[in-house]
Amino acid sequence: MNRELLRRISLLLNLVLAVVVGVLVLHRLNRAPAPSDIRSSPGKIASEAKPTKVVDETPTFTQQPKLPRYGDIASSTDRRRWVVDQLRAMGVPNDTLALVAKVDFEVQWDSRFDECGGDRDKLAAVQLAMNLNKDAEMRAALGEAGFRQWDQKNMLWEAMSTAVDVTASEGATIYDSKKKLQQQLLDLERARLKGTMDDAEISDAEDKAYSEYFQQLKDTLGDERYAKSQQLDDAYNADRLRHELAGVNPSDSQFQELFKADKEYNKSQLELDPSSPDYAAQLKALNDARDQFYRQVLGTEVYDTLQKQQDPAYSQMKKYETLWGLDDSKVDYVYSTMKQYEKSVEDYKAQINALVAQGQKVDGNVVSQKLGQLAGDTQQTLQNYLGQDSFNRLQRNRVLGFAGVRLSQ
């Protein structure tokens, strides 16, 4: 959450707190017994017929311990709990109490973030420290039952993209699995900051942790509910595909063919091993096969139209073509030129990664020079065709993306 937003929320919460404290004070004053109500008991006073012999048997009242005032509490943890207790006594729901405690906790870390001065490593260390302390502070504020109620609700929400019905025992199992994954990721982040594991080791460990977590989730929910919870079920995927294809309006038979192919593609992609040396090549082959099938079913012209509709850069050029000194033909030229450039980069990337997978050494300087040459040639071509002003506008608006290459590990 943005820290400036947190500050504003904190100010609002402080105002609410002031009102709450005022109401509590007035509430206690209204309930305090009047002095006349705590005098000696009438039954213990001698009869008025004998006024000279009044026995003073005023009962002794045991003074109740005073509750601490908010301003007298030194610990931020205790102050947070004090506020939560006061609000809970007034009937405020647990979710609202959790929001108050969470925002107050996060705002109190602002000064530590500010002290980092933009240093990424320091910021990461403070973020990790805050995440490691969060559960303990929220548990202290809400109590064990309140914390579990709030935290399990959040964990189940994170676990399922689409909510499915679960029993109490299933919910508890999913919660435990999610908390285990959460702790594993925190431990890996700590290892990264300390330098006890390198990026490749951390990536492998994360893949393993997620794999075990999703398998546990699948075992708990079963295939059907698991697919729905992760938006992998047919109903969700069919709606998604209809939305993607709405601009080209395929026939029912075309849609069914593409939907079947899309299911096979998703299944094949999940079966790929990201840690495999030839993962990039396998994924590229899978994508190329899907694109080729789409082209066959829809026809080249309709397929090209679909590709343009799904390209953010093309949509941006169409929106501002008059302002940027373009027309339809220039927009199409830029689009096709950039597509050719991207294909050249992908082909080169595949060549380099194939060499790395074979154990051959690759000169990083040579790779950079080749990529620079591809980008430079494409930029020069577009600049000559469009003119300097239109080319500069595309550059300033980041329409032209010139990518680097990431080598397989």
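The values are calculated or read from the model by the stated rules, or taken from the named source; none is laboratory data. Because the structure is a prediction, the values reported are computed rather than measured. Every residue, glycine as well, gets a Cβ built from its backbone with ideal geometry; the counts of neighbours run over all protein chains shown.
A few comments on the model shown:
- Filtered residue count, segment 226-270, keeping only those that are in a helix (DSSP H, G or I) and among the β-branched types (Val, Ile, Thr): 0
- Counting the residues of segment 312-361 that are closer than 29 Å to LEU283 by Cβ and either assigned by TED's automatic domain parsing to the domain that holds TYR279 or not charged (D, E, K, R) (or both) gives 27.
- Test for ALA140: is it touching a residue at least 12 places away in the same chain (Cβ under 8 Å), assigned to a helix (DSSP H, G or I), over 22 Å from the mean Cα position of the chain (by Cα) and within 30 Å of TRP82 (Cβ to Cβ): yes
- Matching residues in segment 341-381 - criterion: being loosely packed, with under 12 Cβ neighbours inside 10 Å, closer than 16 Å to GLY401 by Cα and either touching a residue at least 60 places away in the same chain (Cβ under 8 Å) or of a type in the set (S, T, N, Q) (or both): GLN373, GLN380
To keep it simple, each residue is scored yes or no on (1) outside any helix (DSSP H, G or I); (2) more than 22 Å from ARG190 (Cα to Cα); (3) modelled with pLDDT of 95 or more; (4) of a type outside the set (A, V, I, L, M, F, W, C).
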position	(1), (2), (3), (4)
GLY117	yes, no, no, yes
LEU123	no, no, no, no
GLY146	no, yes, yes, yes
TRP150	no, yes, yes, no
SER161	yes, yes, no, yes
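- Residue match in segment 89-96 (condition: outside any helix (DSSP H, G or I), within 20 Å of ILE174 (Cα to Cα) and not hydroxyl-bearing (Ser, Thr, Tyr)): no
- Of the listed requirements (1) surrounded by 14 or more Cβ atoms within 10 Å (Cβ to Cβ); (2) closer than 30 Å to PHE259 by Cβ; (3) without any contact (Cβ under 8 Å) to a residue 12 or more places away in the chain, PRO312 misses just one: (1).
- Considered as a group, the residues in segment 143-167 that are β-branched (Val, Ile, Thr) and over 18 Å from the mean Cα position of the chain (by Cα) include one that is farthest from GLU224 (Cα to Cα), and that residue is THR167.
- Filter result for LEU306 (out of contact with any Ser or Thr (no Cβ under 8 Å at 6 or more places or on another chain), under 24 Å from TYR294 (Cα atoms) and aliphatic (A, V, I, L, M)): yes
- Being over 36 Å from the mean Cα position of the chain (by Cα) and among the acidic types (Asp, Glu) is a condition met by at least one residue of segment 380-391.
- Qualifying residues in segment 73-105 (those that are more than 13 Å from ALA141 (Cα to Cα) and surrounded by 14 or more Cβ atoms within 10 Å (Cβ to Cβ)) - the one farthest from the chain's Cα centre (by Cα): ILE73
- Taken over segment 205-254, the criterion of being touching a residue at least 12 places away in the same chain (Cβ under 8 Å) and either of a type in the set (Val, Ile, Thr) or exposed (fewer than 11 other Cβ atoms within 10 Å of the Cβ) (or both) is satisfied by THR220, VAL248.
- Top-ranked residue of segment 319-336 - restricted to ones that are surrounded by fewer than 17 Cβ atoms within 10 Å (Cβ to Cβ) and not in a loop (DSSP other than H, G, I, E, B), ranked as farthest from the chain's Cα centre (by Cα): SER329
So that you can scan it fast, the table gives a plain yes or no per residue for (1) at pLDDT 90 or above; (2) in the same structural domain as VAL345 (by TED's automatic domain parsing); (3) charged (D, E, K, R):
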site	(1), (2), (3)
GLY376	yes, yes, no
GLN380	yes, yes, no
TYR385	yes, yes, no
ASP389	yes, yes, yes
ASN392	yes, yes, no
PHE402	no, yes, no
GLN409	no, yes, no
